[in-house]
Structures are given as C-alpha cells and as structure tokens.
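Here is the structure we will look at, set down as structure tokens.
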Amino acid sequence: MSAPRTMFEKIWTRHVVAEGPGGHALLYIDRHLLHEGTTAAFGRLARSGRRVRRPDLSFATADHYLLTSPGTPTSDAETRGMVEALGRYTADQGILYFDVGDPRRGIVHIIGPEQGLTVPGITLVCGDSHTATHGAFGALAFGIGSSEVEHVLATQTLWQKKPQTMRISVEGRLAQGVNAKDVILAIIAKIGAGGGVRHAIEYAGSTIRGMSMDERMTVCNMSIEAGARAGMIAPDETTFAYIQGRPLAPAGEAWPKALAHWKALPSEPGAVFDREVQLAASEIAPTVTWGTSPQDALPITARVPDPAAITDPGRRESMTRALAYMGLNPGMPLSDVMVNRVFIGSCTNSRLDDLRAAARVAKGRRVVVPAWVVPGSGLIKRAAEAEGLDRVFLDAGFEWREAGCSMCVGMNGETAAAGERVASTSNRNFEGRQGKGARTHLMSPAMAAAAAVTGKLTDVRTLGA
Amino acid sequence: MEPFTRVTAVGLPIDLLNVDTDRVIPARFLRKDRNVPDYARYLFHDVRFDAAGAERPEFILNQTPYRAARIVVAAENFGCGSSREAAVWVLAANGFRSVIAQSLGDIFHQNCFKNGLLPVILPAEAVAGLRRQLHERPGATLTVDLETQTVTAPDGAQHRFEVDAFRKEMLLTGRDEIGLTLGFESKIVEFEARHAREMAWTVPPRPGT
C-alpha cells in the first residue's frame, strides 16, 4: 500500500514531464496568465525566433499599468506602448486577450477564477508573485520571473525544484468583524515574512472550509507575504459550485470527468507535511499592520510595539527603521493612528464579497478622507452596481473607479504622496510600495471602510459592523 | 548567460531583514528597458539617493570602499515580495555576481540563476560573521567558488554551501535553459498526448465553441 499523499504531491506528480538532477523536475504548465508587465518576455521570445507553444493555454489581460479613472486607460506614451504591445503579441500568437474596453478585463488573479480558467488539479503560473491566489481552488499556482515567463511561452514547462510542504490549520468560528484578511495577516505575523520560504502551503481546518471562494482567495493570495510561492486549499462543494457554468470552465462531458478528478485531490488522512502550524480562529481579531513588512501585524486593540523590548539586534534595528519610516512612536494605541486616505481594491480584496463587506460599513456614513473603491474586474463592477453597492459608496463620498491594480503597485501613476498614511486592503506595506515615502497600513475591506469614515485606524466592531 | 565559476570581490553587507524587491528597484522603474544608460542607478534608488538625486552618504553603497562591491551579503529573506526579475537585472547592472544570505525570497532566488548570479544560502551565524567582517574592514574581499561550493571569508575561513546539481551545471556552463528544454521536445509531446487522454478537461473550451 502506498503512503498517504498530500494534495500538493498528487498535483506535482501528475505534471512531471521529466526528472532532472538534484530533485529538479520539468513540470508541465496547464495555464499561463499574462499581463502587460510581462511584455518584455514576448519581445525576447520574438527576437529568438521562437513562438508560443500553447496559445490555447495562455490568457492575457491588462491591469498593472492602467489608470482606474474613467476614460483614460494609461497616463503616458510609455505605458500605452506596453499595453499596445501586449495586444499585438497576443493577436499575433493567437492568445485570448481581455483588452481595454472588454468588461471581462480586470486584475489577472481576479479574472482567471471569474472566467473559469482556474480549476482544481492544474498547474498555473503568471509573472506575478500573487499567483498563489489561484491555489484557493486546489491548483498548484505560483508566481514566476520574466525569464520563466519566456520559458513557459516557448515550452509550456518549467524546471522546478520540489518545495517542502507546510500545512496551516485554522480551527473554529471567526468572531464578528473578523474575516479572511485578518486570518492571513495573523498567519503571516505568526510564521514570519520568511516562514514559508521554499514551502508550498496548504491551508486547512474548519475556519478555512467555512470560507467562500472569495475569502479563500484572499488567504491564498498573501502566501508570498509569508515567503511561500504557492498556497492551496482542498477543493470541495463550495469550489465546484463556484466553477460550474463559468465561461471557460470544463463543460458538457468534460465536467463529470473533471469533477471525479477534483474529488480525489484532497490530502489523504495521515499524509505527512514537512511542517505543521495551528491557529485558533477565536484568537484572531481585526488586524492591522504597523510596520513595513506584512509580518508587522497586530490586533487593532494593540499598541505600536517598542524596539527597546527586542533583544535580537537585527530585529531591533529593522523595527526601529520601520517605525521611523511609518512615523509612529512606540506605545501609541493603533486605534489613535490618523490616516490621510483609503484604498479598497487589489488582487487581495477587490472581489464582490470584499465590496459588500466595505459597503456594509460605509452605508449611511460619510468619508472624512479621500477614499477609493477599485473593483477587481469589469464584471465585478457590474455585479456590484446591480446590487446598488456603487450608490452606497458614492453616497458615502467614496470614489467608485474602473478595474485595475491601481494603488497597490505604485507603477501606474496612482500613488500616495510622501508622508501620506493609507489604510489599504492591498497586500504589501513595503517602504515606497504605494508611492515614494507613502505609509501603508494593511487591513480588511471592512476595516478600511471604517478608517475612511472615522479618519483613523478603527476597530470595525465599534461601528457595529 | 555569463557563466559563473569563481568570483573574488569586495562584499557589501546589508543588515536589514526582509529586504523586498520594491526596495531593490522601485516599481516606477520597471517599465524601463534594462539597456537604458542610467539603469544601474535604479538599484536601491529611493534609499541610495535623496529627492534631488544626490547620493545619501549614510547609505552603504555610497561609501567609497563598498563601491567596488560585487557580492551582496544580506540577512534573512532578502529579495522577498514582488516577482520582478528587474531586481536581479539591476544588481547585475551594478556588477553584482552573487548574493549570500541565510534565506532568500523564492522567486528572487530562482531569478538569480537565470541571470548568472549565484545565490548562496549559509547558516545565519556564518552570514552574520561575514557581515561583521565586512563592516569591520570596509572593502574586504571574499571569494565565492561554485566548483568547490565554498565561500572564503575575509579572515580566510571557508564555508561550504549546497547548490542543486542542475543549477550548478547551468551556471558553470552559462547554458540557455530554453535551449536545453527544447531538447526535451519528444518528452513534452509524449506528456501532452497522455495529458490529453487522461485529463482532457485541463484544456479550456475556446470561447464561442
């Protein structure tokens, strides 16, 4: 009898084309998602006289460099050139491209699942570190660099060294006001920004199983902020119900075959992971970051930590530097930190569940600082409008914008000014991430909406939400 | 790709933990072609230069003995965050050939191999010792030897490191990885045929069909 296997092991094994030395394998790639930031790889491919091996497994959209203000897709000729180049390359190679003006266009990690491209049991890559988002469906999905993008375009494969496995189990019911973003921030705070390096994570436990697909994607999305290239969740009825009927999902006679395969994917009882981590849902509170690494996360009820209490000199120095950059003093209650603007969006938190959660807080209140809501795709924008969420946001004084990466990436012209403090639902609070000198506090959509209506970091539970 | 065999060069100690690739090269420079004349200046740009573009003297790369550095000696989780390969390109544009740390961001780690930079993982105490020596003797050199898989510290101590046989061979020969993989064409074709038989549902339907 063979040993019980993890889901990761099953997917990995099914995709090995050839074994190489030193634990390397040539892995077959079922889906390759592309965006305008990866056009350099197309250029190199063209110059080497090579063509895209499997255009039918490659899909493209524009998200990173587009402006999200209505009517003006790009800010300058340089970025316009990148978007146009993507259009030319994909047309030339026969790749389906969700272009500017197409309502299906949106953030690459939002539209893959939305179109039914992201399904269990597949390997999926994209030239973007947040590709683990797709692991929420029980896929092996990970971010790659530009050279690897070119390699996949040319060969539909990648040489990979098999990572170790880590299971993070979260058990119990989340308290009122606590959601998926708080869960993943708590996980990163626990294992550290480098805790998942060289690991593929599987998120498990009753808390995770109880989440919607939108919530599961929020969790998997930030795996890279814990150092892990891939994060995944076992597919179940919630997963299958989400996928069925999506435009590019398996249909007809393919559906029952896919379903049979997917149901056999979850890790088997007794499967051994290289590392196990446990969290109790009851210990997780609404969480915000205070520093310049996603691991710098604490409950909103806590105070800014004191570097003097840290014994390790490297950690003390890093914390001192982070607090100086953030303009915060040790001991200050986090709920006293004033913010200058609010950003609700990004591949972490721009899906319909996220917008609903923010709208519940915004309803009947007024923002006191500039606040943006940027839906993840044109279709999410439409769906939100059909529910009247746009009216809730507009009535409360939020800006209701077009789909894109916007203020998460700091490369499209939508940035905060130096010294400005942003309550943000994005994934990175790095120095300069949202603009040179900008200060980012990461939090959930409900918490960001709470900050928008109070002008400071606020425990959303105090607003009765 | 430029092969890597053995490099002896000044080491640049970077003590900060979790140095992310946004810090290595800010996002607004990612649109730039790596052949533009000023490309090398984008490395650590926002901590290396002030608002007027002048060097910040307190930043280590702006201090004379370290200007010749070609080996980074970092701390935990250097190169975390964004997948931007430009973080490696901009290190290479400044002459860097190797990054030594106790751990590296996974995607950065992989990107190094594709550009002739050798990522070296050593135990935390060994890396801290190297950084200490480089601070105490600015401009001190170390040697990274891929064939023998050793780092020789300024004080002469040798540290052996592990490197995957596959990556070692690729770096020593400077071989084009895509070219190598295209040599597996028959294996890929064979795999695709089996995949199409057993897991046909992995190919999405074409829109409108």
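The values are calculated or read from the model by the stated rules, or taken from the named source; none is laboratory data. Since we're looking at a predicted model, the values are computed, not measured. Positions of Cβ are generated from backbone atoms using ideal geometry, with glycine treated the same way; all protein chains shown enter the neighbour counts.
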Can you find even one residue in the stretch A:299-314 that is among the polar types (S, T, N, Q) and buried (at least 20 other Cβ atoms within 10 Å of the Cβ)? no
Here are the criteria: (1) surrounded by fewer than 24 Cβ atoms within 10 Å (Cβ to Cβ); (2) more than 17 Å from A:F8 (Cα to Cα); (3) within 14 Å of another protein chain (Cβ to nearest Cβ). Tell me which single one A:A193 does not satisfy. (1)
Read through the list (1) more than 8 Å from chain B (Cβ to nearest Cβ); (2) surrounded by 17 or more Cβ atoms within 10 Å (Cβ to Cβ); (3) over 13 Å from A:A85 (Cβ atoms); (4) among the small types (G, A, S), then give the number of the only condition that A:G20 fails. (1)
Looking at the stretch A:40-52, which of the residues that are surrounded by fewer than 20 Cβ atoms within 10 Å (Cβ to Cβ) and within 10 Å of another protein chain (Cβ to nearest Cβ) is farthest from A:V108 (Cα to Cα)? A:S48
Would you check if A:P235 is on the phi < 0 side of the Ramachandran plot, in the same structural domain as A:T165 (by TED's automatic domain parsing) and in contact with a Leu (Cβ under 8 Å, 6 or more places away or on another chain)? yes
Residues that are crowded, with 24+ Cβ neighbours inside 10 Å, in contact with a helix residue (DSSP H, G or I) (Cβ under 6 Å, 6 or more places away or on another chain), more than 11 Å from chain B (Cβ to nearest Cβ) and among the β-branched types (V, I, T): does the stretch A:210-228 have at least one? yes
The number of residues in the stretch B:10-53 that are of a type in the set (K, R) and either buried (at least 18 other Cβ atoms within 10 Å of the Cβ) or within 27 Å of A:M319 (Cβ to Cβ) (or both) is 4
Given the condition facing chain A (nearest Cβ under 8 Å), of a type in the set (K, R) and farther than 29 Å from B:L172 by Cα, answer yes or no: does some residue in the stretch B:27-47 qualify? yes
Need the failing condition index for B:G116 against (1) touching a strand residue (DSSP E or B) at 6+ places or on another chain (Cβ under 8 Å); (2) assigned to a loop (DSSP other than H, G, I, E, B), just the number. (1)
Scope the stretch B:169-189; condition farther than 23 Å from A:A41 by Cα and within 8 Å of chain A (Cβ to nearest Cβ); matching residues: B:E169, B:K187
How about the stretch A:18-52: which of its residues are closer than 30 Å to A:D63 by Cβ and assigned to a strand (DSSP E or B)? A:L26, A:L27, A:Y28, A:R31, A:H32, A:L33, A:L34, A:H35
Every residue from the stretch B:17-67 that is under 23 Å from A:G291 (Cβ atoms) and in a helix (DSSP H, G or I): B:T21, B:D22, B:R23, B:V24, B:A27, B:R28, B:H45, B:D46, B:V47, B:R48, B:I60
Could you list all residues from the stretch A:333-362 that are free of Cβ contacts under 8 Å to residues at least 60 places away in the same chain and touching an Asp or Glu at 6+ places or on another chain (Cβ under 8 Å)? A:R356
Report yes if B:R34 is within 14 Å of the chain's Cα centre (by Cα) and at negative phi, otherwise no. no
Matching residues, the stretch A:24-39, being facing chain B (nearest Cβ under 7 Å) and more than 29 Å from A:I107 (Cα to Cα): A:H24
Give the residue that is farthest from B:T202 (Cα to Cα), with candidates limited to residues of the stretch A:1-17 that are outside any helix (DSSP H, G or I), away from chain B (no Cβ under 11 Å) and of a type in the set (A, V, I, L, M, F, W, C). A:M1
Lone qualifier among A:D306, A:D296, A:D312 - being touching a helix residue (DSSP H, G or I) at 6+ places or on another chain (Cβ under 7 Å) and of a type in the set (D, E): A:D296
For residues in the stretch A:246-260 being free of Cβ contacts under 8 Å to residues at least 40 places away in the same chain and surrounded by fewer than 16 Cβ atoms within 10 Å (Cβ to Cβ), which is nearest to the other protein chains (Cβ to nearest Cβ)? A:K257
Listed residues A:S2, A:S48; which is outside the structural domain of A:A200 (by TED's automatic domain parsing), at negative phi and over 22 Å from the mean Cα position of the chain (by Cα)? A:S2
By residue number, the members of the stretch A:380-398 that are surrounded by fewer than 23 Cβ atoms within 10 Å (Cβ to Cβ), under 22 Å from A:D214 (Cα atoms) and in contact with a strand residue (DSSP E or B) (Cβ under 7 Å, 6 or more places away or on another chain) are A:D390
Restricted to the stretch B:58-108 and to residues being within 13 Å of another protein chain (Cβ to nearest Cβ) and without any contact (Cβ under 8 Å) to a residue 12 or more places away in the chain, the residue surrounded by the most Cβ atoms within 10 Å (Cβ to Cβ) is B:D106
Filtering the stretch A:312-352 down to residues that are of a type in the set (S, T, N, Q) and outside any loop (DSSP other than H, G, I, E, B), which residue is nearest to A:G464 (Cα to Cα)? A:S335
